[in-house]
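So the structure is just underneath, and the comments pick up after that.
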Amino acid sequence: MKRFSTFLATTMMTTIAATAALAEKWDMPMAYPATNFHSENAVAFGKCVTDGTGGALEIVSHPNGSLFAGNDIKRAVQTGQAPIGERLISSHANENPLFGVDSIPFLATSFADSEKLWDAAKEKLAAALDGQNLVYIYAVPWPPQGFYFKKEVNSAADMKGIKFRAYNTATARIAELAGMAPVQIEAAELSQALATGVVESFISSGSTGVDSKAWESLTHFYDVQAWLPRNVVFANKDAFTALDEATKKVVMDCGAEAASTGAKKSEDLTAGYLKTLADNGMTVSAPSDQLKSDLAGFGAVMTEEWIKAAGEDGKAIIDAYRAQ
Ligand code: PCA
């Protein structure tokens, strides 16, 4: 009897140890607040993976730059400091112009066009990420980008000399073309930068304007719909490769689900964000004809610059997009 119970205890302990060894936890750094729809969508993605693998792979998200600051997330995942993460991919366009394909002014300005552009670009982007030891899992667009100011702005001339928060090379280039002074600032620091006067304007979605309570410092939002940039979720290639086939499939299936529910959420929330800006006292309007044509001029210059920088791959993406 004694021998039997020892056997039983040993077997049980082995089983527990085996389960513990199988269960893996992936910490997922993210840059935006927990209440942002991207972050909520990632929580649902994590739950989908945890449920789909019966708890064998648990994904735990860490929003608001709490684990790694926004600008450090991609490198952290490349080097294996984090197994998975989410990042605004265009903020890495300085590494590879393809990462900025979603931030070419006025190329794809609606949700439908943004989807088409992404379809045309996705394979090449995934290959570029693969070359950096990353596995593409899913991407979700932000709502269309508009300008926030603390005065009425009706033309590019009205922008001269303004201190402008930039989040990627395209936003910095617009600032330059308009004679503004760009400063690179993470969304997590935007409220404070506005409150202290480090910057006095920016381009972003209604979503980030609401997250940052832009109305506490600024007065005007111009709904110019310049582009819809994307957050991309990627995994470290070594960590992903080490998963068994069934687990890989769960991660990819949950990613596909997160891409479509995230895009729908982004679109559904767009009008409400602009209403929240207005409800809090901001003047929300379409750009004047002059501002529109000044910005279209910048857009033409920047489209040409991007195609030149992105070479054959870039041209192939734009051609495929325009042919749809
Ligand atoms: N919000 C992000 C990127 C685009 C957007 O709408 C930000 O401002 O950082």
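Observations on the structure shown:
- Within the accessible surface of region 241-324, defined with a 1.4 Å probe on protein heavy atoms only, the carbon and sulfur portion equals 56 percent.
- Rounded if a/c under 1.5, otherwise prolate or oblate - region 64-120, Cα gyration tensor axes: prolate
- Pairs from 122/264; 163/292; 25/249; 74/275; 25/265; 160/315 whose Cα-Cα separation, in the structure shown, is over 24 Å: 74/275; 25/265; 160/315
- Distance from region 224-259 to region 66-80 (C-alpha centre basis), Å: 16
- For region 76-198, carbon and sulfur atoms together expose 49% of the accessible surface, with a 1.4 angstrom probe and every protein chain in place.
- Centroid-to-centroid separation of region 266-304 and region 124-194 [C-alpha atoms, Å]: 13
- Whole-Hz Karplus values for region 227-242 come out as 5, 10, x, 10, 8, 10, 9, 9, 10, 5, 4, 5, 5, 5, 4, 6 Hz, taken residue by residue from phi with 6.51 cos²θ - 1.76 cosθ + 1.60 and θ = phi - 60°; glycine and proline positions read x.
- Proximity of backbone amide H atoms, modeled 1.01 Å from N, is registered between residue 166 and 183, 184, 185 at under 5 Å, excluding neighbours fewer than 5 places apart on the same chain.
- Prolate/oblate/rounded label for region 223-324 (Cα gyration tensor, a/c 1.5): oblate
- The Kirkwood hydrodynamic radius of the chain, based on inverse pair distances between different Cα atoms, is 20.9 Å.
- For residue 151, the aspartates and glutamates whose Cα comes closer than 17 Å to its Cα, not counting residues fewer than 8 places off in the same chain, are 200, 216, 223.
- Summed over qualifying helices (DSSP H, 4 residues or more, each -39500 (n - 2.57)) and divided by its residue number, the chain shows a 222 nm mean residue ellipticity of -16500 deg cm²/dmol.
- In this Cβ point-charge picture (+1 for Lys and Arg, -1 for Asp and Glu), the chain has a dipole of about 540 debye about its Cα centre.
- Across region 77-83, computed HN-Hα scalar couplings (Karplus, 6.51 cos²θ - 1.76 cosθ + 1.60, θ = phi - 60°) run 6, 4, 8, x, 5, 10, x Hz from first to last residue, x flagging Gly and Pro.
- Furthest towards positive pole of dipole, 254, 148, 303, structure part the chain, Cβ charges: 254
- Amide H partners (placed H, <5 Å) of residue 199, local residues excluded: 194
- Ranking by accessible area, most exposed first, for 276, 79 with a 1.4 Å probe: 79, 276
- Here's how it looks for residue 180: its modeled amide H is under 5 Å from those of 161, which are all 5 or more places away or on a different chain.
- Karplus-derived 3J(HN,Hα), 6.51/-1.76/1.60, for each residue of region 195-203, Hz, glycine and proline x: 5, 8, x, 4, 9, 9, 6, 6, 10
The values are calculated or read from the model by the stated rules, or taken from the named source; none is laboratory data. Since we're looking at a predicted model, the values are computed, not measured. Note that each Cβ is placed from the backbone with ideal geometry, even for glycine, and that neighbours are counted across all protein chains shown. We work out accessible area using only protein heavy atoms, side chains counted, and drop any ligands, DNA or RNA first. Shrake-Rupley method; radii C 1.70, N 1.55, O 1.52, S 1.80 Å.
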